[in-house]
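Asker: Dropping a structure here in structure tokens format, bear with me for questions.
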Amino acid sequence: MEKSFVMIKPDGVQRGLVGEIIGRLERCGLKLHALRLLQIDRQLAAEHYRQHEGKAFYEPLLSYITSGPVVAMVWGGPRAVALVRKLTGATDPQQAQPGTIRGDLALDIGKNIIHASDSVEAAEREISLFFKKDEVLEHDRAVDAWLY
């Protein structure tokens, strides 16, 4: 089973959308492997978004992601990375399809509620930034036999 890193950004936490987002991921059959509420510091933010360093939106992005608590999570399932990206919707909420998290809940690209890994490699890197190996739990659910 593949794993994906998902983060509910400060605007999602402040707007009280954590339960809504977790519910959407669970209803698709994805399995929660890790979850934590934290305040990201600048060093962690810079490492997480290192691929954007030097771009015009980099500094505003770091300011935004460190402005309040986030919920970091690991979700698993068959082709979890692609499924989570599909559920998340386009980065720009104005381009996101209705029914996606961003399409239904976000309005602005600068405050787009959620981050989801864009590849298996990115997911592995991001998971390792936010969780120790022993914090990502492997477990069985009774419903797994009905899903996979």
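Each reported figure results from applying straightforward, stated rules to the coordinates on display, with no laboratory input. Being a predicted model, the structure only gives us computed values, none of them experimental. A quick note on method: Cβ atoms are made from the backbone with ideal geometry, for glycine too, and the neighbour counts reach across all protein chains shown.
Asker: So, by mean Cβ neighbours within 10 angstrom, what's the order for 7-16, 132-141 with the highest one leading?
Answerer: Order by mean packing, descending: 7-16, 132-141.
Asker: May I have the pair-distance distribution P(r) for the chain, computed from all Cα-Cα distances with 5 Å bins from 0 and rounded to whole percent?
Answerer: 2, 10, 19, 23, 23, 14, 6, 2, 1, 0
Asker: What does the helix-only formula give at 222 nm for the chain: each DSSP H stretch with n ≥ 4 adding -39500 (n - 2.57), the total divided by the residues, and the result rounded to the nearest 500 deg cm²/dmol? Could the numbers behind the result be given before it?
Answerer: Details: 8 runs with 59 residues, N = 148.
Counting only the DSSP helices, I get -10500 deg cm²/dmol.
Asker: Within a 10 angstrom radius of the beta carbon, how do F57, F130, F5 rank from fewest other beta carbons to most?
Answerer: F57, F130, F5
Asker: Extension gain H139-S63, at 0.36 nm per residue separation less the Cα-Cα distance, in nm?
Answerer: Working: separation 76, 0.36 × 76 = 27.36 nm, distance 3.60 nm.
So the extension gain works out to 23.8 nm.
Asker: What does the convex hull of the Cα atoms of region 59-140 come to per residue, in Å³, rounded to a whole number?
Answerer: Taking only Cα atoms, region 59-140 has a hull volume of 121 Å³ per residue.
Asker: Still on this structure, I have one more. Calculate the spin-label point distance for W146 paired with Q97, positioning each point 7 Å from the Cα along the beta-carbon direction, and give it in nanometres.
Answerer: 2.6
Asker: Could you work out how far helix 18-27 tilts from the main Cα principal axis of the chain, as a 0 to 90 degree angle to the nearest 10?
Answerer: Compared with the principal axis, the helix lies near 40 degrees.
Asker: Separate question: Could you give the nm distance between label points at Y49 and E26, where each point is 7 Å from its Cα heading toward the beta carbon?
Answerer: Result for the modelled spin labels: 3.0 nm.
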